[in-house]
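Below is one structure, written out as structure tokens; the observations come after it.
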Amino acid sequence: MLDIEFQKSPKGKWTTPPFDPRFPNQNQTRNCYQNFLDYHRCVKRMNRRGKSTQPCEYYFRVFHSLCPKSWVQRWTEQIQGGTFAGKI
């Protein structure tokens, strides 16, 4: 679930994230964080229901496109360590 480094993008299938009306401004920091949370919430729910996590791939691609790698690594470490501030 949290091994983001092992989830690689399919070649040639990365696109720019579409416009999200919740984040109309140029600063996309909140958009990055929200999609990171949405991905992990989606994976958690799908695993709990015993379903495929394929629908969660959208959030994964968006936050990987918007977020700096250092943020993603730090947040992932915080989740694993139990110190992440967001509610997943």
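All of the numbers you see were taken from the coordinates with simple rules; none came from a lab. Just so it is clear, the structure is predicted and the values come from calculations on it, not from any experiment. So basically every Cβ, Gly included, is an ideal-geometry build from the backbone, and we count neighbours across all protein chains shown.
For this structure, a couple of remarks:
- Protection proxy ranking for 57-68, 38-49, 73-84, 15-26, using the average of other Cβ atoms within 10 Å per residue and placing the highest first: 57-68, 38-49, 73-84, 15-26.
- Distance in nm between pseudo-label sites at SER70 and THR16 (7 Å out along the Cβ direction from Cα): 2.5 nm
- FRET efficiency for ILE79 and ARG30, using Cβ-Cβ distance with R0 set to 22 Å, rounded to 0.05: 0.75
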